[in-house]
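The block underneath contains the structure these notes are about, expressed in structure tokens.
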Amino acid sequence: MNIRSVIGFAYEFEDIAIQILLSAGYKSKWPLHDGSASDSKYIPAQGFDFEGVDPSGAEVGVEIKFYRTHRPGPGVINRILEKITNVAHEAGKQKAILIVSETSGRGGYRTDFAVPYEILTAENLRSLSSGNLRLIDRLNELLRVSSLEAVEPRAELTALEPVVLDDSSERINSIIRRHDTCPQSLGPPYEAICFEAIAELFGDELGVLHDQHPVADRFHVIDLIASIKPSEPDNFWAHLRSDFRSRYIVFEFKNYKDAIGQDQIYSTEKYLFTHALRTVAIMIARNGEDDGAKHAREGALREHGKLIIGLSGADLVKMLEMKRDLDDFTGVLADNLDTMLTSLGR
């Protein structure tokens, strides 16, 4: 698995966190997969990443979350806590533990859950490691290579943010079902589903979503355009806006039976205009792209500074599933961009 991806980072963080728990005296309820001391991928526990007893003998369920592209606010953390404390209560656990890749906590969390809980940050993990330099080095290196460069120093938020506890799982599942059952080659129905998915995923980071937006000559219509209004100064969208000098982002949706080719990339490239601060597009193609499309995207960036991020329908569904599970879904975009920038030739 590529460690330099949001999924790879998450698995590495989970492995490090479990190894640190073991070094601190926690005992797993389940055996290792292969009996190797270097493999901490345990048999999946019911709703937990790790299940066992803490040094005091209390039965605990542990959820481990890695966030690369944004800092989860109290609203998200409270939803996770509500979920894992309910599961812990049903499983007869005495405590639920949430481990997050944040270096420090924000505060403002609820306390009225079914069982007691504890939140462990990366800093807490360093303290728990009992001076194990190998584990500390692994943790520090992971946090270093996975971080996005900060636009400005982070401000610690201690005030209680509005907590939205509505469960969006069914809404997201509905989008996924309609995406997967939408007949291929039908443009407008697929575009409507993708519009709903983008609003669900990125509504907090974007301004008003304008669908079927005509450009100046009105002979061309953009599937979706929106201004970039990042919710935090150092998240993925803030970097995208700053690095590519783009105030707006264009979305194009292609429901073709086959992979798209270079012609679709050239058409989308025409919608991007540097002087209008419109230099970034995300192309969602139901069945992905062929090599010609990939080379065309690279050429647009290399020669004109226009960024077109290519996603498949499967990528879109994956992000929706990750949001439903309260994981770092924007990391899929960050991974895609990293791969493109680090492999681009002259």
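The values are calculated or read from the model by the stated rules, or taken from the named source; none is laboratory data. All values derive from a computational prediction rather than experimental measurement. Reconstructed Cβ throughout: ideal geometry from the backbone, glycine too, with neighbour counts over all protein chains shown. Quick note on the areas: whole protein, heavy atoms, side chains included, nothing else; ligands and nucleic acids left out. Shrake-Rupley method; radii C 1.70, N 1.55, O 1.52, S 1.80 Å.
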Residue in segment 226-245 that is in contact with an Asp or Glu (Cβ under 8 Å, 6 or more places away or on another chain) and among the β-branched types (Val, Ile, Thr) present: yes
Residue within segment 206-223 that is touching a Ser or Thr at 6+ places or on another chain (Cβ under 6 Å), without any contact (Cβ under 8 Å) to a residue 24 or more places away in the chain and closer than 25 Å to Gly331 by Cβ present: yes
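Each row is one residue, and each column tells you yes or no for (1) open to solvent by less than 50 Å² (accessible area, probe 1.4 Å); (2) under 18 Å from the mean Cα position of the chain (by Cα); (3) at pLDDT 85 or above.
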position: Leu98; (1), (2), (3): yes, yes, yes
position: Asp112; (1), (2), (3): no, no, yes
position: Pro116; (1), (2), (3): no, no, yes
position: Thr121; (1), (2), (3): yes, no, yes
position: Ser129; (1), (2), (3): yes, no, yes
position: Ile136; (1), (2), (3): yes, no, yes
position: Leu139; (1), (2), (3): yes, no, yes
position: Val145; (1), (2), (3): yes, yes, no
position: Leu148; (1), (2), (3): yes, yes, no
Selected residue [in contact (Cβ under 8 Å) with a residue 12 or more places away in the chain, touching a Cys at 6+ places or on another chain (Cβ under 9 Å) and not in a helix (DSSP H, G or I)] from Ile284, Ile308: Ile284
Qualifying residue in segment 277-296 (condition: small (Gly, Ala, Ser) and on the phi > 0 side of the Ramachandran plot): yes
Segment 283-300: number of residues that are in contact with a Phe, Trp or Tyr (Cβ under 9 Å, 6 or more places away or on another chain), within 20 Å of Ala334 (Cβ to Cβ) and surrounded by fewer than 22 Cβ atoms within 10 Å (Cβ to Cβ): 1
Residue satisfying condition, being touching a helix residue (DSSP H, G or I) at 6+ places or on another chain (Cβ under 6 Å), part of a loop (DSSP other than H, G, I, E, B) and either farther than 15 Å from Glu252 by Cα or open to solvent by 70 Å² or more (accessible area, probe 1.4 Å) (or both), within set Pro183, Pro230: Pro230
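Tally up the residues in segment 270-282 that are over 25 Å from Asn173 (Cβ atoms) and surrounded by 18 or more Cβ atoms within 10 Å (Cβ to Cβ), please. Break it down into steps so the answer makes sense when it comes.
First pass over segment 270-282, keeping only residues over 25 Å from Asn173 (Cβ atoms): 270-281.
Remaining after also requiring surrounded by 18 or more Cβ atoms within 10 Å (Cβ to Cβ): 271-272, 278-281.
Total satisfying the criteria: 6.
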Failed item in (1) closer than 18 Å to Ile222 by Cα; (2) in a helix (DSSP H, G or I); (3) modelled with pLDDT of 95 or more; (4) open to solvent by 60 Å² or more (accessible area, probe 1.4 Å), with Ile265 passing the rest: (4)
Criterion (in contact with a helix residue (DSSP H, G or I) (Cβ under 9 Å, 6 or more places away or on another chain), open to solvent by 80 Å² or more (accessible area, probe 1.4 Å), more than 19 Å from Glu196 (Cα to Cα) and modelled with pLDDT under 95) met by exactly one of Arg218, Arg241, Arg245: Arg245
Among residues of segment 103-144, those that are closer than 16 Å to Asp15 by Cα and assigned to a loop (DSSP other than H, G, I, E, B), counted: 3
Candidates Asp49, Asp34, Asp15, filtered to the one that is among the acidic types (Asp, Glu), modelled with pLDDT under 70 and either crowded, with 21+ Cβ neighbours inside 10 Å or closer than 28 Å to Val145 by Cβ (or both): Asp34
Segment 56-72, subset open to solvent by less than 10 Å² (accessible area, probe 1.4 Å) and outside any strand (DSSP E or B), residue nearest to Ala122 (Cα to Cα): Pro72
